[in-house]
Every structure is written in C-alpha cells, then in structure tokens.
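Worksheet: one structure, shown below.
The values are calculated or read from the model by the stated rules, or taken from the named source; none is laboratory data. On a predicted model such as this, the values are computed, not experimentally measured, just so you know. Because the Cβ atoms are built from the backbone with ideal geometry, glycine has one as well, and the counts that use them run over all protein chains shown. For the accessible areas, the whole protein counts, side chains as well, though only heavy atoms, and no ligand, DNA or RNA atoms are used. Shrake-Rupley method; radii C 1.70, N 1.55, O 1.52, S 1.80 Å.
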Amino acid sequence: MQADLVIRNAHVVDHTGEFHGGVAVVGGKIVMTGKDSTLPSAKRTIDAEGRSLMPGVVDTHCHLGVAYPYEEDMRTETAQAARGGITTIFLYIRNKLGSYLPFYDERRALGEANACIDFGFHFGIQMEDHIREIPQIVEHTGVQSFKLYFGYEPDNPIGIVPANDGWVYATMMQVRNLPKGVVSVHCENTEIARWIKQQVYATGRQDLGAYTESRPSFCEVETIKRMIFLAERTGCSLQLVHTSVGAGPDLAAEARAKGLDVTVETCPHYLTRTCYDEDLDMTAKISPPLRDEEQKEWLWRGVLAGKVNSIGSDHVPFLPKKAEDLWTEFPGVVSFPWELPLLITHGVINRGMSLKDLVRINSYGPCRRFGFYPRKGSLEPGTDADLVLVDLDEEREVVHEGHGTCIYEGMMLKGWPVLTVSNGRVVFENGEVDDSSYGKGSCVTRPDGEA
Ligand SMILES: [Zn+2]
C-alpha cells in the first residue's frame, strides 16, 4: 500500500497518551497510527523532526458573518483557524428573520464554497417558532444543538434576542430525546446585571473593570445553577458555554456526579487575561466579561482537575472598534491563531498540564459533547485525517494582521502550530495557508452526516 501522506518521526499525542511514531493517510482518512517502522511509503512523507503531532483542534464556539459578510468570514477566518491548528469550527449562528431551513441551505452552500477547513452549526433560539421548528430542523439540517442567550438587554448592540426560562424549558423538552441533542446557554442574569449597570454607569467610569463590575460573577453563577436545575427537570444535556467564573466547573462536576449530562466550556481569554490588566481598555470588552485574578486561577484549578470539557474561542471578528464608549462598544475578540499557543504556554508550560489533557479539552472533549467523536478529535484508523503538528520550542510574539480585535498583541507565547492537515490536505505550512484550499472544507452538521 502506498499512502497519500505520511507524517513520521513525531511525538504523537491523543487524549489517551503519547508515543513516538506517526500517521498514514489515504483518501482523507487516517489508515494507520503507529511506530515509524510500521508506516507505509507515501506520495508525500513529512519528517516531523520530533515535534508533537495531535488531532486538529476542534473549536466549537465562534461567530462568523456578524460584522463582515458571511462568505468573506468563511474565507478569512477559516484561514486564521488553519494557522492556529484548528481543523473544525462550529458557528453559533442566529437567524432573526424566520425559519432555519432555507437559512441552513444558504449558509452551508456559501460555507462550502469558501471555507478551507470543515465547519458545522449550532442554531440560536431567537423566536418561539424556532422551538416549534426543532423536529424539522433536525430532519432537514442534521443540527441537534441549540443555544439560548441570557445577559443581553433587549436593546443590546449586537441585536441578540434574549431568552426567558420558558424558552429554555420548552427547548430542552424538544432536545432531550435527540441522539446528539444538547442545549447551550449563555449564563448571566439579565435583570440583576441591568440593575447593577445603572449604578456603575452613573459613575461615568469608562475603564474595562467598570464593565466587569456592572455584571459581577454571581450573575453568571446564578444562571448556571438555574440552568442545571432545568436540565435536571427535563433530562436534557446542557453545555455551559464561555464560562468565565471559577464556580462553573465545580457546579457542573457536582451535577455530573448526580448523573446529569452537564459540560463546561471556557475560553482562552478567561484563562489568560483579567479586566484589570493594565494594557487593556474598553476594546477588550467581551460577553461575559473578563474577570479578576482570583476567578482566573479558580478556572485553571477546574481545568487542571479535569472539570472543564472543552475550550472554545468565542472568536468574533468585528470591524475596528471605536473605543469611544464602554457601554455601547461591541463585545468580542478574535483568538483562532493563538488559541493553541495560549493553552500550551499558560497551561502546559506554566502550569504543568499534560499534552494528553491538552488534546482532551481541545479536540476529544468538544467532539464528544456534540456527537462527532470519533470521526473528529481522534487518531484512530478510519477517522478524518485532521491533524496539527506543533513545535513546543518555538517562541515568538503575537502579531495580529487579520480582522477583529486581538487582546494578546506583544505577548510572548511558546508552542506554535507549524503544519495543519484537514481531511488529508496540508492547508497550512511554512507560515502560509495554501490558496488552493479555499472551498474544500465541508459542513459536518448535515442530515446524512455520520459521527
Ligand atoms: Zn459566543
């Protein structure tokens, strides 16, 4: 047998362990993972020179087509993802205008015409008709993952339609019996935050800390508890997205100990930045907000104790921010290219996290959560050949050249992706994304999709 691609002489890592060897690929699938001596010859053989080979990062949380046209984001941002060793992204996407059925057809086609890596969707519940439409959505689109938003006031600058408890309950009742069904919730108590904001707003403060103090961590903790209660009542799976509070992983672990299916995602920014960092201003506004040092270290304890299931970037490219008013500034930053180096530097190098745990929260965990394991997030034969080769010794400064706001510029990070493979195609190497890869990514949330 001659393979299409072999990567050999690598430190191979998955969520179960590590060994020296490599991977062979035929027709976009992994056909062998093993010692160098067992690997076949190939049309192209890459000598990894001892660098670390892992399943590609699966980032199940981003927002594309919000400020820039969707088709443009699906080119520029999937390229940014490929640079960061990310091989599949999932978009939390919203349609305020009506049904998700034609919306999905259009977004899938535009995505497949532009993306250079695979992608999938979660749909936001933005009106009661969306809840009633869930059975048809599942049949027509294959999407079984739905999101509800708290923490946004009705006049919020991004136009998100906030949920209420009735919407959550009704959605959970529709989703609870789906084979891959899961409800994601943005947890922040909207009404308490609105009340406290009036007091902080009146002080005239414009610093980033004022935004954080206007929606304290207990607002998030309260809604997490309420959502876990509803998940228990309905028997529905719950994903706590972009968790910024240290109590989140603890509460989810307690719920899991009681037999509930509650998982936690956190983001690189909550693990590496605080609202009081001196180089950050209102352009680092994110929803939920960056917290303080104590919450950041508490979150890390949850990560290192295995209580966090996945890392999502919440990558959202806005037009250059105005930096004029804290309260009307758009919330959100971009992270795709630095997600992996941030976790390696701050987790593996600074805090002793194992590489297999890195793979667990970057690839295995998110794929398990949304029903895509082992097709994605695995190095087993027969699975999609989505890979990243990482140089753990490469150290350089973050430089941002793409769309959106980066809150890491100038930060020194160690452990960078040097090669990214999507379905057996090399999409990123020698610092460049291969121009011929645009339009070769495909939608993985589809009605005929196998896990
Ligand atoms: Zn988000």
Task: Percent breakdown of C-alpha pair distances by 5 Å bin, ordered from the shortest bin, for the range 322-374 - done: 5, 17, 16, 15, 15, 12, 9, 9, 3, 0
TODO: Give, as a single signed number, the net charge of other residues whose beta carbon lies under 15 Å from the beta carbon of R215, with Lys and Arg counted +1 and Asp and Glu -1.
DONE: -4
Task: Spatially near lysine pairs across the range 56-369, Cα under 19 Å, sequence gap of 8 or more or different chains - done: 12
- [ ] Mind pulling up the Rg/Rh value for the range 342-425? Radius of gyration and Kirkwood radius, both on Cα.
- [x] 1.01
Task: Net charge, S287 excluded, C-beta distance under 9 Å - Lys, Arg +1, Asp, Glu -1 - done: 0
Task: Average accessible area per residue (Å²) across the chain - probe 1.4 Å, nucleic acids and ligands excluded - done: 37 Å²
Open item on the list: With an 8 Å Cα cut-off and a minimum separation of 6 or more residues, compute the relative contact order for the chain in percent.
Closed with: 22 percent
Task: 0 to 90° range, to nearest 10: angle between helix 70-83 axis and the chain longest Cα axis - done: 60 degrees
Task: Within the accessible area of the chain (1.4 Å probe), percent carbon and sulfur - done: 49 percent
TODO: Determine by what factor the alpha-carbon radius of gyration of the range 21-121 differs from 2.2 N^0.38 Å, reporting the quotient.
DONE: 1.37
Open item on the list: Let me spell out the model: positive unit charges on the Cβ of Lys and Arg, negative unit charges on the Cβ of Asp and Glu, origin at the Cα centre of the chain. What dipole size does that give, in debye rounded to 20?
Closed with: 1260 debye
- [ ] Would you mind classifying the range 56-369 by shape? Square roots of the alpha carbon gyration tensor eigenvalues, ordered a ≥ b ≥ c; an a/c under 1.5 is rounded, otherwise it is prolate if a/b is larger than b/c and oblate if not.
- [x] rounded
TODO: Work from the charge dipole of the chain (Cβ charges, +1 for Lys and Arg, -1 for Asp and Glu, about the Cα centre) and give the residue of A210, Q2, T272 farthest towards its positive end.
DONE: Q2
- [ ] Output ³J(HN,Hα) for the range 390-403: one whole-Hz value per residue in order, computed from phi by the Karplus curve 6.51 cos²θ - 1.76 cosθ + 1.60 with θ = phi - 60°, and x for Gly and Pro.
- [x] 10, 9, 5, 9, 6, 10, 7, 7, 6, 10, 10, 10, x, 6
